[in-house]
Every structure is written in structure tokens, then in C-alpha cells.
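Structure, as C-alpha cells:
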Amino acid sequence: MKVDLFDFHLPEELIAQTPLKERASSRLMVLDKETGDLKHDIFKNIKEYIKPGDALVLNDTRVLPARLFGIKEDTGAKIEVLLLKQENDDQWETLIKPAKRVKKGTKLVFGDGLLSAVCVKELDHGGRILDFHYEGIFYEVLDQLGEMPLPPYIKEQLEDRDRYQTVYARENGSAAAPTAGLHFTEELLAEIREMGVEIAFITLHVGLGTFRPVSVDEITQHDMHAEFYHMTAETAKTLNDIRSRGGKIISVGTTSTRTLETIGSENDGLFKEASGWTDIFIYPGYEFKAIDGMVTNFHLPKSTLIMLISALAGREHVLRAYNTAVEERYRFFSFGDAMLII
């Protein structure tokens, strides 16, 4: 299957650069995955399309202010560091610019010495393992010094960095937000619960690989990035109960979907407490074992994300919906509008 099958024309001005003032005021396109029929609505009305006895599954990962600006201790040269994942204790895999200035043994300083790091290993493509040194609690130091690592297609500065967090974010670890969840407010979630819909949480720490373009012509030749996930016994029981009663499981975002399908695929469509790394790659032809519907944003042409939703709703239905979204001037990507596939 060729990557070009998932291409569409996206005018650059439709890439949302800033979030809307009100989270739930974004537009909502509802796509019937069986018929391809479309409806246009506002996100706060999503509760009209979910039924009592269904479950919404949310990714509660929290984005780290993972971009640090510092200097080399010996020369004073400026260095940018992006934290990718914690290796062990105070060692992190990072991306560094310019990487050629940072060799094994190089010491970096941030915030006038509030935080420092030593390069302990050189990796490919600008990657470095850094060993950090600080007083107190690392995440508190990071909150003080770090900046949000916004996606490369967002050029505007983010005035309120909480707008790149979901209202239910709690597990530190992501290099990017699970953006489908940015549309929910505490009030909207409360209304959905009051309807009799279960709200369940999983954790998947989003890596920067989610933005990595597909650089091969044939989909099957693409190497999918791995991300850490966790499901609690409580969530597993909730979802198994929903399934046994005939309710629908609706994932919020591609990250929740990948987690649920990873666990469901290993357990004949059921769920259990689990942790691990997933590099599951979902594209048309995949048979879903875990979810019945999905909330998602509008994605990049030829991306693994549009391939995933095409597996759920059909490539023709999805591309027609996307072309309609362009015609109707929907906002795309992280701060854009939403789609419910049901």
C-alpha cells in the first residue's frame, strides 16, 4: 500500500497556530464509519453522540516543559536541549542543537547553574544521553526553566502553556500533548459522566516520533516509533464490564487507540493491567479488537495518524471527510478542530 494514497491538499493557513479561548468551542465533524455520512457540530455537543453505557478512554499523560536552553560550561556556546525519555534516575535521552558541539564528557549549564548536565553517550541524529545534576526535585526545576516543546508546524508563541495540557493531565512524561483531549473541559466531562458514560484513563507518553514524517513509498517499510504505556487494573475492569454489557468503547486520540489496541490484541479483545512499550502501526487492513469509535483531531497528509483513522473508517470516507474539512475551513492539527468517528 502506497503512502501517496493518504495525501490531500491542505492550505497552510488552515494549520491552527493558537488554541481557541474556550476549549469546547471548537468545531466537531461527526463521521459515520459505516456509511461515510458527515455531520457538523460544536465540540461541546459531543455528548449528543455518545450513549449511556458507553466508555470514553482518555490519555492522562502530562507534557513536560521539555525544551531547555543552556550553554556549554567551557565555551559559553548556546545549546538547545529537548528531553525525549527518562532512561534511569537522572539520565535522559535528549535531542541537542547543535549536536556537533556536544561530545561525551561535555558539561552543560542551565538557568545560571540551577541545573547542569554531562553528556555520557552520543547517539545518532543529534541524540545524546545526559546525566542531570540539581538540588531539590527535578520536575520542579524543569517547571521553572523549561519551555513547552510545541510541534514544528506551530510558529506562534503559546501564551498560556496549560493550553497545551489536557485538563486531566497528571502523569509526567510526554514530549507532546495527546491533542484530541484538549477539547474537553471539567464541566463537559462532568456532564458526560452524569449521562451514565464511563470515563476511564490510560497513560501513553507521546514521543516526538509522532511528528516524524513517513519517508518511504511503501507503508509496510515504515518503522514505527515506540512509546511507553500503562493501563491500571481499575481501567481494565471498567472496560471489560462495558464490553460485556454491549457498550461502545470510544478512545480519545490516536495515543489512546494505540494503547487499547496493543493490550486488546494480546488478550482476545479484553483488557488487563499492563505496562510496556508499543510500536503498533495501524493502517487499512487492520482489524480492530478494542475500540468502537474515536475522537481525534485533523492530521497531516501522508501521516501514520491519517492511516490509523483510515483503518477505522475507511480511506475513501476519511479522505472525503478531510476534503470537506478543507472546503469548510476547519482548523487542522494540535490546536485545531475535532472529529468523532462512530
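The values are calculated or read from the model by the stated rules, or taken from the named source; none is laboratory data. If you're wondering where the values come from, they're calculated on a predicted model, not measured in any experiment. When we count neighbours, we look across all protein chains shown, and the Cβ atoms used for this are built from the backbone with ideal geometry, even at glycine. Note: accessible area is taken over every heavy atom of the protein model, side chains too, but ligands, DNA and RNA are not part of it. Shrake-Rupley method; radii C 1.70, N 1.55, O 1.52, S 1.80 Å.
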Exercise. In this structure, does GLY336 turn out to be closer than 21 Å to PRO213 by Cα and either touching a Ser or Thr at 6+ places or on another chain (Cβ under 6 Å) or at pLDDT 95 or above (or both)?
Worked result: yes
For this session: Scan segment 146-157 residue by residue and report those that are closer than 23 Å to ILE15 by Cα and either within 14 Å of the chain's Cα centre (by Cα) or not hydroxyl-bearing (Ser, Thr, Tyr) (or both).
Result: GLU147, MET148, PRO149, LEU150, PRO151, PRO152, ILE154, LYS155, GLU156, GLN157
Problem set entry | Residues located in segment 203-231, provided they are of a type outside the set (A, V, I, L, M, F, W, C) and open to solvent by less than 50 Å² (accessible area, probe 1.4 Å) | THR203, HIS205, GLY207, GLY209, THR210, GLU218, HIS222, HIS225, GLU227, TYR229
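Quick grid of which residues meet (1) at pLDDT 95 or above; (2) over 11 Å from the mean Cα position of the chain (by Cα):
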position: GLU159; (1), (2): no, yes
position: ASP162; (1), (2): no, yes
position: GLN165; (1), (2): yes, no
position: ASN172; (1), (2): no, yes
position: ALA175; (1), (2): no, no
position: LEU189; (1), (2): yes, yes
position: ARG193; (1), (2): yes, yes
For this session: Filter segment 46-95 down to the residues that are of a type in the set (Val, Ile, Thr) and out of contact with any helix residue (DSSP H, G or I) (no Cβ under 9 Å at 6 or more places or on another chain), then identify the one that is surrounded by the most Cβ atoms within 10 Å (Cβ to Cβ).
Result: THR94
For this session: Report yes if some residue within segment 244-259 is at pLDDT below 95, of a type outside the set (Phe, Trp, Tyr) and either open to solvent by 20 Å² or more (accessible area, probe 1.4 Å) or at positive phi (or both); otherwise report no.
Result: no
For this session: Tell me, please, whether a residue that is within 29 Å of SER215 (Cβ to Cβ), in a helix (DSSP H, G or I) and more than 14 Å from the chain's Cα centre (by Cα) can be found in segment 264-278.
Result: yes
Problem set entry | Flag if GLY293 is more than 20 Å from GLU227 (Cα to Cα) and modelled with pLDDT of 95 or more | yes
